[in-house]
Amino acid sequence: MITRGFRSRRQRADPSRVPPGQYVTDDFPVLSAGPTPRTSLEAWSFALRDVDGGELATWTWKDLLALPPATVTVDIHCVTKWSKLDTRWKGVTIDGLLEAAGLDPDAPYVTAFCDGGYTTNLAMEDLLDGRGLVAYEYDGAPIDPEHGGPARLLIPHLYFWKSAKWIRGLAFMEEDEPGFWETHGYHLRGDPWKEERYAGD
Ligand SMILES: Nc1nc2c(c(=O)[nH]1)N[C@H]1C(S)=C(S)[C@@H](COP(=O)(O)O)O[C@H]1N2
Ligand SMILES: [Mo]
């Protein structure tokens, strides 16, 4: 039996799926530090940059869609304490991008960069083995601009601020360089299961 309509907003959920301090919502809140950028798909590209800033690979929008897609259903966890279960995304894995570019980088960190200037830092290992996606569909449709369309990073095993909206590329880094929220006191890694919300957690 399907009882969706009877679930309360703060629904009870399998506690093993909800990290400490989080509540489950059916809503999909929008959290943006600035205005929603609007880049045309013709002007859009995705780049991988080397530690010296040099461009290693770029994809146009069409190039990205031509890569083998991955579809995932995952739970997402925002540091403001909402979690949303079973969100469905389609995109290209970071492994897939590296493979397409013929790259096997040994840089230990990356900075994701975006239209609008947002950045976030990640350990390379948090992106690999299918754990990171450049997503371009949510729930079977193009991602709404407010939620990061045309493409956003999706790193569901870390707090959702790591899932950079309007992503335009990844810069390989020798050091773990704090991004936008990390500079404002958020944790460098942000594992929700360890409640790594703020620096020092
Ligand atoms: N470019 C960009 N990406 C971003 C943000 C942002 O402000 N700009 N906010 C982050 C935060 S704090 C969260 S919780 C999620 C929110 O994504 P949503 O608006 O799709 O829920 O996006 C993350 N990615
Ligand atoms: Mo967030």
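Some values worked out for this structure:
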read-out	value
Relative contact order (%) - the stretch 136-175, alpha-carbon pairs under 8 angstrom, separation at least six	29
Convex hull volume per residue for the stretch 1-141, taking Cα atoms only, in Å³	157
Per-pair calculated FRET efficiency, R0 = 25 Å: SER40 and HIS157 via Cβ, rounded to 0.05	0.20
Computed Kirkwood radius, in angstrom, where 1/r is averaged over Cα pairs of the stretch 19-78	15.7
Helical mean residue ellipticity (222 nm; -39500 (n - 2.57) per DSSP H run of 4+; nearest 500) of the chain	-2000 deg cm²/dmol
Förster-model FRET efficiency, 22 Å R0, ASP27 and ALA66, C-beta, rounded to 0.05	0.05
Total lysine pairs under 21 Å (Cα atoms) in the stretch 29-172, excluding pairs fewer than 8 apart on one chain	8
Over the stretch 92-201, equivalent-ellipsoid semi-axes from the Cα gyration tensor in Å	20, 18, 13
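Every number in this text was worked out from the coordinates using simple rules, so none of it is lab data. Please read these numbers as outputs of a predicted model, since none were measured by experiment. For neighbour counting, all protein chains shown are included, and Cβ atoms are generated from backbone atoms with ideal geometry for every residue, glycine included.
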